[in-house]
Every structure is written in C-alpha cells, then in structure tokens.
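Peer 1: Have a look at this one.
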Amino acid sequence: MKIKRTGMWIGVTVLAVAVSLLAIPTSHAQKAAGISRVGWLEVCGPGPQRLNFDIFRRRLAELGYVEGKNLIIEQRFADCRYDRVSGLATELVQVPVDVLFTLGTRASRVASETVKTTPLVVYSCDPFEHVTGLARGRGNLTGVTCMTTELSPKRLELLHEAVPEASRVMFLHDPQAAPNAWKLTQEAAPRLGITLQQTPLRTAEDLIPQLAIIAEERPDALFVSSDTALSSYPRPQQLAEFAINAHLPMINAFRIFTDAGGLMSYGATTSEIYTSGAEQVAKVLGGTRPSELPVREATRFELQLDCEDDRTHNSALAAAAHEVIE
C-alpha cells in the first residue's frame, strides 16, 4: 500500500504542476520563452501594399526580433476614426505588449494621454521640440519625427519655383493634426506673392466633399499638409486623380503622392522614419528605458518631381528631382 500511496502522491504532484502551468497567462509564458510582443497602432486600415510595415518588420528582424520566431506584432487599426485610438491603445496595453508603436501626429498625442506606463514609441510629424516636450517629464515615451511641419514653408517655396504663376494656393489639412503647419506656411506666403486659403479636413470621409469645394474655388495650386489619414490608401490616389483632372499643380510631403500622379513632393524619406522607429522599439525590447532614448529626427529628405508634367517647365527643379538631401 505504501508504494501505491507514494505513486498516488507523485501522480497528484505532477497533475498539480500541470494545472499550475496551464494557469499561467499566455503572455507570461511567451515572455518566459523569450518571445516579445510589439503593438502596432495605425489610424486607418491596411492598404493593398504595406511598404512601411514591411520596412519596420524587416529592420526588427535584422536586429534579432523575428516575427513568428521570437516576436509577435499585435496590430490594431482605427479605421480613420481618432475616437477609437484611445480604446485600441488601452486594448494593446491589456494584451499586454512590451512596447507600443503608434503612427501619426494626432494619434500619437491621443496615445500619449492614454498610455502612462507601457513603453510608447511614437511616429509624429509635429515639430521636433513639441515631440521632445511630449516625452519630457515621463519615463515611458520616445519616438521619431518626420519634421513635416518645419518643412512646410520650404515646400511652399518649391511650389512657387515650379509654378511661379500660381498666386492663389489652397492649403488642405487637418487642423488638429499639425496646426503649426498652417501658421508657418501662412507666414511664408506673402514674401512669395502668394495668397493662401485653407480647407480644413476633420475626418477622412470629408475628403471627397472638400475636393468638390476646392474645384469650385478654382485655386492655382494645391498644397496638401499630409497626415496619416490623408497618406493612407486610397486617399493619395484620390488626391492625385483630382489634381490631374482639375489640371491643378499639387505638392505634398511624401513621395507616395507623386507616385500616384501628383506634381511634386518634398519631405523625409519614410524608409528612414520606419527604420528609426524599429530601432527605437528594438532598444526598448533590449532593456533600454524610453527616457534614455532621445527623440530621433529625420535626417534624409527627398524632392520628387514629375518631370513630364505639363503643369511645370522649370528645368532647375526638374534637374533636382529624385535628389536625396543628406
């Protein structure tokens, strides 16, 4: 009987250990197995091509974090509704993720107000000092900035060089995304002999109705202050088609608009931005505190110009097209 009783106790002990292992939350078990979780929070939905996500994922893999091996990327999409960003950020925190990467200026502000302890890496196009200020005084936030706001006056100058006869320019933007961009561009307009008008865009659904209003106004050119919603599929294509049909020179911050058919773009290279974002995330996963990581600003900028576009005949700008400015 003793042998049987001993065998019974051994069996009970093994069963208890098995039950306790099953009771450990999946995330804790994965962490113990060396698996990291990264949250990816995007304002709009994924398009047919996800070049930026691929850059981000590839750089993480180069740094030793391979999806499907030792990395899980938890993705959430707000369907271009900013009122959903806070709830999705909370959902990712509760998963839990080890670090949360948030895309977009306005979304980054919302996420920073929601996420107080989980490490947060933001991709913002707010002025560099604003993003740095956002991180100051709190230990869980760092990020990268594309410096789109600071480059707005330069973008207007380039448009003026390409189409000097354009004296009435329509400024299309989300006032809540980068209000400083409008202010800086407006200040630069008079010295260029340009009258700047604005068309505010509150939601992504407002784009088509606002384009109809712009067509009625008949400006000489269109300046698009790009935010995440405007840069997400299918809006670059919609904007380019509108500009082509209206014979309207259009300038944007990112080359996706020029690739879609816009006249020109000038801004940070998105490959650098998402590579930098992945590097910041990898450092946090490696144990570095976000407070120890300075906010990184873009260092590579590119000018893209449709040299065959009949809306400009500026040879100097055509020669400068496709140049990457270090």
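Peer 1: Could you check how much of the accessible area of the range 139-233 is carbon and sulfur, as a whole percent, using a 1.4 Å probe? Numbers along the way, then the final one.
Peer 2: Numbers: 1940 of 3710 Å².
With neighbouring chains kept in place, the figure for the range 139-233 is 52 percent.
Peer 1: Ok, one more. Which value, in Å² rounded to 10, gives the accessible area of Glu91 with a 1.4 Å probe and all protein chains present?
Peer 2: Roll a 1.4 Å probe over it and Glu91 shows about 80 Å².
Peer 1: Residue-wise, which Karplus ³J(HN,Hα) couplings in Hz belong to the range 195-211, taking 6.51 cos²θ - 1.76 cosθ + 1.60, θ = phi - 60°, and x for glycine or proline?
Peer 2: Here the 3J(HN,Hα) series is 9, 9, 10, 10, 10, x, 10, 7, 9, 4, 5, 7, 4, 4, x, 5, 5 Hz.
Peer 1: Turning to a different aspect of this structure: How many angstrom lie between the Cα centre of the range 153-192 and the Cα centre of the range 245-302?
Peer 2: The two parts, judged by their Cα centres, are 20 Å apart.
Peer 1: Over all Cα pairs of the range 57-193, how is the pair count split among 10 Å bins, expressed in % and running from 0 up to the last occupied bin?
Peer 2: 11, 33, 29, 17, 9, 1
Peer 1: Give the calculated FRET efficiency between Thr90 and Glu157 to the nearest 0.05, with a Förster radius of 45 Å applied to their Cβ-Cβ distance. Walk me through the intermediate numbers first.
Peer 2: Numbers: r = 42 Å, r/R0 = 0.94.
Given R0 = 45 Å and the Cβ-Cβ separation, E is 0.60.
The values are calculated or read from the model by the stated rules, or taken from the named source; none is laboratory data. Note that the structure is predicted; figures quoted are calculated from it, not measured. With ideal geometry, Cβ positions are generated from the backbone for all residues, glycine too; neighbour counts draw on all protein chains shown. Areas reflect the complete protein model, heavy atoms only, side chains present, ligands, DNA and RNA absent. Shrake-Rupley method; radii C 1.70, N 1.55, O 1.52, S 1.80 Å.
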